[in-house]
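The values are calculated or read from the model by the stated rules, or taken from the named source; none is laboratory data. As the structure is a prediction and not an experimental result, all values here were calculated from the model. Here the Cβ is made from the backbone with ideal geometry for all residues, glycine too, and neighbour counts use every protein chain on show. Heavy atoms of the whole protein, side chains included, go into the accessibility calculation; ligands, DNA and RNA do not. Shrake-Rupley method; radii C 1.70, N 1.55, O 1.52, S 1.80 Å.
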Amino acid sequence: MGRNKYTEEQRNEIITTFLDATRGIIDAEGVSGVSIRKVAANAGYNSATLYLYFKDVDTLITLASIGYLEDYCRMLANSSIQVADPVDAYLYSWRLFSRHASVRPDVYHHLFFEEHSTPLDESVSFYYSIYPEQLANISDTVLEMLSRGKFEERNAAMLEPLVKKGLIKEENLELVNALTISYFQVLLERLMKSDEYSMSDDSISARMEEANRFLLQLGAK
């Protein structure tokens, strides 16, 4: 990735310049506003230079989007509830996640519900090789969760402690997981249609809380 004449530090500086430009466009126009041409122009390079470092626009958006998870990861890693009751830990994780997702539903939808040209776990690994300082805000448990390939795998990993405690029947885990992810996707997509729906961060969090409690009860039967 990048030209051989540059040092690793110089290459990383160019990459971060492109990612900063991408995030600036996302902040101003949303994910749909990102294009190779605009990112290159805002970064002060031409499109040909950008393609030396990034496969396509999806790679740019995905890597820039990972940065929006920093606050969520820090709050989750710093929370003492990680070592508490597994049900409380699961509900808290979703409460926190849905509140952050409601602020940038387009970013979270892109990350977790759209197809990527590069597997998400590989993008996560590359992102933290460029921003290693952000790892200080992430516990090993959270990093392991982020590094799993698909959203379904991440949530299944959070449900596994409940199965081990006998709080969910093992044969119900797949169904509970699928219904949870599907309902969250519906809420995100409704939130993205702001002209049709009015949902606050507390609203989406409250709806997920209600759904999660219902699905956990269903999974225990």
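Here region 39-54 is scanned for amide nitrogen atoms under 18 Å from the site 7 Å beyond the Cα of Gln10 along Cα-to-Cβ, giving 44-46, 49-54. Once both axes come from the Cα atoms, what is the angle between helix 57-66 and the longest principal axis of the chain, in degrees from 0 to 90, rounded to 10? It is inclined by approximately 60 degrees. When +1 charges are put on Lys and Arg Cβ atoms and -1 charges on Asp and Glu Cβ atoms, the dipole computed for region 102-162 relative to its Cα centre reaches about 120 debye. Kirkwood's formula applied to the C-alpha pairs of region 6-65 gives a hydrodynamic radius of 11.2 angstrom.
Out of the total accessible area of the chain (probe 1.4 Å, heavy atoms of protein only), what percent is carbon and sulfur? The value for the chain is 49 percent carbon and sulfur by accessible area. A simple charge model with +1 on the Cβ of Lys and Arg, -1 on the Cβ of Asp and Glu and nothing else charged puts the dipole of the chain at about 80 debye relative to its Cα centre.
Only helical runs count toward this figure. For the chain, summing -39,500 (n - 2.57) over DSSP H runs of n ≥ 4 and dividing by all residues gives -22000 deg cm²/dmol at 222 nm. Counting lysine pairs in the chain that sit 8 or more residues apart in sequence, or on different chains, and whose Cα atoms lie under 18 Å apart gives 4.
Centroid-to-centroid, using Cα positions, region 54-120 and region 158-193 are 16 Å apart. The stretch between Leu135 and Ile36 holds 32.8 nm of extra length on full extension. This uses 0.36 nm per residue minus the Cα-Cα distance.
Placing unit charges on C-beta atoms (Lys and Arg positive, Asp and Glu negative, everything else neutral), compute the dipole magnitude of region 93-221 about its Cα centre in debye, rounded to 20.
Values: 14 positive and 21 negative charges, 104 e Å.
My answer is approximately 500 debye.
Farthest toward the positive end of the dipole of region 95-143, out of Ser125, Leu96, Ile138, is the Cα of Leu96, where the dipole comes from beta carbon charges about the Cα centre.
Once C-alpha pairs closer than 8 Å and six or more residues apart are averaged by separation and normalised to the residue number of the chain, the relative contact order reads 21 percent. Using a Gaussian network model of the chain in which every pair of alpha carbons under 10 angstrom is joined by a spring, one finds that among Glu160, Glu114, Glu174 the greatest mean-square fluctuation is at Glu114. Averaging the sequence gap over all C-alpha pairs within less than 8 Å and six or more residues apart, then dividing by the number of residues, gives region 96-154 a relative contact order of 36 percent.
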